[in-house]
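Reading through the structure tokens given below for one structure.
The values are calculated or read from the model by the stated rules, or taken from the named source; none is laboratory data. Since this is a predicted model, take the numbers as computed values, not measurements. Cβ: placed from backbone, ideal geometry, glycine included. Neighbour counts: every protein chain shown.
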Amino acid sequence: MSKVETPRPIRGTQDIFGPDAEAFAYVVETFERVRKLYRFRRVEMPVFERTEVFARSIGETTDIVSKEMYSFEDRGGESLTLRPEFTAGIARAYLTDGWQQYAPLKVATHGPLFRYERPQKGRYRQFHQIDAEIIGAAEPQADVELLALADQLLKELGIADVTLHLNTLGDADSREAWRAALLGHFRAVKGELSEDSQERLEKNPLRILDSKDSRDKAFVAEAPKIDDFLSDEAQAFFAAVTGGLDAAGVKWIRSPGLVRGLDYYRHTAFEFIPDEGSVSANTLGSQSTVLGGGRYDGLMESLGGAPTPAVGWAAGIERLAMLVGERGEPNADVVVVAESDDMIPAAIKTTARFRELGYSADLIVSGSTRKRFDKAVKSGATCIVSLRSDLNGTTANVRRSDPDAAEVEQEWLKMKPYILS
């Protein structure tokens, strides 16, 4: 009989285990704790939506829609897509589920996303993000609130060597005037631009500013700047955001080259980026952005809704976990050992009771009876409760490896008469 070949994992996916899984969980747990401090409501979103949700919100001409989405036709002939990001689905739910009644709505979520792109360090085809959004708030204070949440999250994760890079894209009139100036600037040198930038020129000239191609660098450096086109209202908005960040103790630097290509983005654009030469920069390599987002006041209209101000950000859990570093699995508060098989029922009862009291507990009842206690010692447990019976009757011993285990020992002494009765 021929040997059955074991299926291989799909390229761009990962099985997370051990210290990596603990780091992943630590990121999620910290995010959940901090978002509660800021009173962001938890939402759970579908893993797939109608393809048009992403095509209309992300943009037909973007690489995400044209090259990276996992789309398929269901049995009813409808085109569906595995979500490549959270914002579009949340915006759709805001319009279809009546969430307008809660505006301004502060929501947060996390989970898997899917993009068909080249796998590389910290980037996968199934990846995971944390996401926070404020919908229905036009005030600059919403931007400040969202950025303060991100800043505190990174600090509580122990990621201190990153800096908030901040820019303004202006209001709709400012952005349109800037776009027209960029068109004129880049059209004059179109033949010298990279192929990608030539393709982007008429569709979305702002995306040329993101180009990493050496052929574009000189022209990007000489391109018109948004500051020359900002209306008084747009300048006041940005000043309120930066003033609020200063008041909140969030450090930031101005990054005039930071843009968002899609037309529905307005005002604030931001990214938290590792400081040059820092541990985080060395860890992430070329994939340097830790967390990013911006204000997208025009998105709801692309989905058929009324004009609705909104701002949000997202961060890759895998990247954050890389910066957090490996985290060992915590030792059990107590390990209960049945050193003789007839004590197994008592050991099970003891373990169950400790868990009811809120202590993490492991149970050792298998393997050689002579080696069970040694196995418990090697586990590094804070406290060991050992149960055995012999010719002298039933005995129960407690071994503490940590002074803090005194509380566990006291709980055992309370339950001992009941367990051994």
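Miscellaneous remarks
- The stretch 366-390, subset hydroxyl-bearing (S, T, Y) and modelled with pLDDT under 90, residue farthest from N331 (Cα to Cα): S389
- Residue check for G243: free of Cβ contacts under 8 Å to residues at least 12 places away in the same chain and either touching a Leu at 6+ places or on another chain (Cβ under 8 Å) or in a helix (DSSP H, G or I) (or both): yes
- Residues (more than 12 Å from H185 (Cβ to Cβ), touching a residue at least 12 places away in the same chain (Cβ under 8 Å) and basic (K, R)) located in the stretch 212-240: R215
- Residue among T81, T13, T51 that is outside the structural domain of I135 (by TED's automatic domain parsing), surrounded by 12 or more Cβ atoms within 10 Å (Cβ to Cβ), of a type in the set (S, T, Y) and touching a strand residue (DSSP E or B) at 6+ places or on another chain (Cβ under 6 Å): T13
- Selection within the stretch 246-286 - loosely packed, with under 15 Cβ neighbours inside 10 Å and assigned to a loop (DSSP other than H, G, I, E, B): G249, K251, P256, G257, D275, E276, G277, G285, S286
- Scope the stretch 1-55; condition in a loop (DSSP other than H, G, I, E, B), of a type in the set (S, T, N, Q) and touching a residue at least 12 places away in the same chain (Cβ under 8 Å); matching residues: T13, Q14
- Helices (runs of 4 or more DSSP H) fully within the stretch 123-211 counting 2 or more residues that are in contact (Cβ under 8 Å) with a residue 60 or more places away in the chain and buried (at least 16 other Cβ atoms within 10 Å of the Cβ): 140-156, 172-187
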